[in-house]
Amino acid sequence: MAAISSSQSKPQPKIIVLDDDPTGSQTVHSCLLLTQWDVATLRIGLADASPIMFVLTNTRSLTPEDATKVTREVCRNLKPALEAENIHEFMIVSRSDSTLRGHYPIETDAIAEELGDFDAHFLVPAFFEGGRFTESSVHYLVSMAYPHQYMKPNLLRIRFLVIPIAICLIMSKKKLRAEFPPQMCSVSC
């Protein structure tokens, strides 16, 4: 019994999600969503009791250069905020679009250069809450069309948007790079 209570007293690592678009944070609750990343604001998020906090960078709407600048600024401000809050155990998550439209690997490279290498990169082309999933290298967006506001759920019409997903991952000097072939951009309905 003593072993259980001592393991429960060990603090969980804080999970810090850098979110490139507001859609991801719309599906979570009971945690802070920060839209500013100055040191004082980050300290508020880090001090919150929730084990996770989102920092909405909105970098998907920016150029690659500006996305890199914003990501670096967040990371540079995180360093003193983590130190001030005496947080040594933390995880950084770079959350991007399920259709892989974000600035990968630009943002993860910037994070790694500022805060240290990632243990892993997971490319998960899925957003189940939003009706998006990938099967056999085809990304599906399930869109529910409501022709009438009082329509019964069992009468929903479902349309599929199909986006071919083809990603070649190349390991080079401990950096993971993604190459997106031209057919990545083709869309058929």
- request: Give the value in nm², to one decimal: projected area of the alpha carbon convex hull of the range 51-135, averaged over all directions.
  value: 6.4
query: Hey, which aspartates and glutamates would be in cross-link range of Lys79, C-alpha to C-alpha under 14 Å, not counting anything within fewer than 8 residues on its own chain?
result: Asp38, Glu89, Glu113, Glu114
message: Can you give me the long-range amide H partners of Ile15? Hydrogens built in the peptide plane at 1.01 Å from N, cutoff under 5 Å, separation of 5 or more residues or another chain.
response: Ile52, Met53, Met91
task: Pop out the carbon and sulfur fraction of the accessible area of the range 26-67 as a percent, whole number, probe 1.4 Å.
output: 57
- request: Assuming a ≥ b ≥ c are the square roots of the Cα gyration tensor eigenvalues, decide whether the range 1-101 counts as rounded (a/c under 1.5), prolate (otherwise, with a/b larger than b/c) or oblate.
  value: prolate
task: Can you find, among Leu32, Leu62, His88, the residue farthest towards the positive end of the dipole of the range 1-103? Put +1 on the C-beta of Lys and Arg, -1 on that of Asp and Glu.
output: His88
Stokes-Einstein D in µm²/s, Kirkwood radius over Cα pairs - the range 87-144 at 37 °C with 0.692 mPa s viscosity: 250
- prompt: How much length is gained on full extension from Phe133 to Glu73, taking 0.36 nm per residue of separation minus their Cα-Cα distance?
  reply: 18.4 nm
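Any chance you could run the full-extension gain for Thr27 through Ala40? It's 0.36 nm times the residue separation minus the Cα-Cα distance, nm to one decimal. Before the final figure, lay out each step's value.
On the way: separation 13, 0.36 × 13 = 4.68 nm, distance 2.58 nm.
Additional length available on full extension: 2.1 nm.
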statement: P(r) over all Cα-Cα pairs of the range 69-111, 10 Å bins from 0 to the longest distance, whole percent per bin, short to long, reads 24, 47, 24, 5
message: For a quick check: with amide H placed at 1.01 Å from N, whose amide H comes under 5 Å from Leu141's, ignoring anything fewer than 5 positions away on the same chain?
response: Leu161
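The values are calculated or read from the model by the stated rules, or taken from the named source; none is laboratory data. All values reported here derive from a predicted model rather than from experimental measurement. Because the Cβ atoms are built from the backbone with ideal geometry, glycine has one as well, and the counts that use them run over all protein chains shown. Please note that ligands, DNA and RNA were not included when accessible areas were found on the heavy atoms of the full protein model with its side chains. Shrake-Rupley method; radii C 1.70, N 1.55, O 1.52, S 1.80 Å.
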